[in-house]
Amino acid sequence: MPITITAFEKSPDRGAGLARDTRVRWALEEVGQPYEVRLLSFAEMKKPAHLTLHPFGQIPTYEEGDLVLFETGAIIFHIAECHSGLLPEGPDARARAITWMFAALNTVEPPILDLSIARILESDKPWAEQRLPLVKDRVRNRLDQLSRHLGDAVWLESAFSAGDLMMVSVLLRLKPSGLLTEYPNLADYVARGEARPAYKRAFAAQLAVFTDTSTGG
Ligand SMILES: N[C@@H](CCC(=O)N[C@@H](CS)C(=O)NCC(=O)O)C(=O)O
């Protein structure tokens, strides 16, 4: 069954790979599943045709026959359930990998998103200078804990899983802030994720969208 995902026609990060279609592309590349991409403008994302696929008018979505999914957690979990390579076989190891997916999305991503908002959308506010250090400390708190847990391990559990795919994707958003470099083991962990051939293919594909549209191609 052909798979179609949606992505920004022109990503606000100019192809830096931070839009969330990248993590879905990465998962599909890891399991060797070809996919098509429907590009949307911001205006199209808020129109009824897209809202029937995604009630919140966002990207990415995932279509496979009659199945329509939104939320990257659900999409990547579905991909991992349908194909081997992203979740371990043993039930306990599988449950732990899924736990890391939730931890990435529910515990680590929120303060990181808050930091992106503070840096990008709130920087002109009169209180921005006072708030930013507080937001950064909340991110550092999570990074401290994650860094201590990871220690010298290569991946969060014994082998790369959808949990790592999600955690690396979430941590990548910290790159512009420089905070990741305060935690060398986390920076190395993210670099290991980025070095995976599947990630490289996903990154190149999303960058090509930006360079094509920005050159009018
Ligand atoms: N929790 C959602 C978040 C989706 C999301 O925030 N998508 C962003 C792009 S990365 C978006 O569409 N932003 C535009 C908007 O919200 O209008 C997921 O993981 O899929």
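Separation of region 121-168 and region 84-98, taken as the distance between their Cα centroids, equals 23 angstrom.
Explain nothing, just the number: relative contact order of region 137-217, from Cα pairs under 8 Å at least 6 residues apart, as a whole percent. Display every interim value, and only then the final one.
Details: 30 pairs, mean separation 22.5, N = 81.
Normalised by residue count, the contact order of region 137-217 is 28 percent.
Dimensions of region 149-212 along the principal axes, based on C-alpha atoms and rounded to the nearest Å, stand at 41, 27, 15, largest first. Counting only Cβ charges, +1 for Lys and Arg and -1 for Asp and Glu, the dipole size of region 91-196 around its Cα centre is about 100 debye. The helix-based estimate of mean residue ellipticity at 222 nm for the chain, built from -39,500 (n - 2.57) per DSSP H run of four or more residues and divided by its residue count, is -16500 deg cm²/dmol to the nearest 500. The alpha carbons of region 104-175 occupy a box of 47, 20, 19 Å along the principal axes, longest dimension given first. Qualifying chymotrypsin sites (Phe, Trp or Tyr not before Pro) in region 18-59, where qualification requires a DSSP coil assignment and no more than 15 other C-beta atoms within 10 Å, comprise Phe56. Start at zero, step by 5 Å, and the Cα-Cα distances of the chain spread as 1, 7, 14, 18, 19, 17, 12, 7, 3, 1, 0 percent across the bins. Dimensions of region 1-112 from C-alpha coordinates, computed as largest minus smallest value along each principal axis and given longest first, are 44, 37, 25 Å.
For region 51-128, the equivalent ellipsoid built from the Cα gyration tensor has semi-axes of 31, 20, 7 Å, listed from largest to smallest.
Each reported figure results from applying straightforward, stated rules to the coordinates on display, with no laboratory input. Computed from a predicted structure; not experimentally measured. Cβ atoms come from the backbone with ideal geometry, glycine included; neighbour counts cover every protein chain shown.
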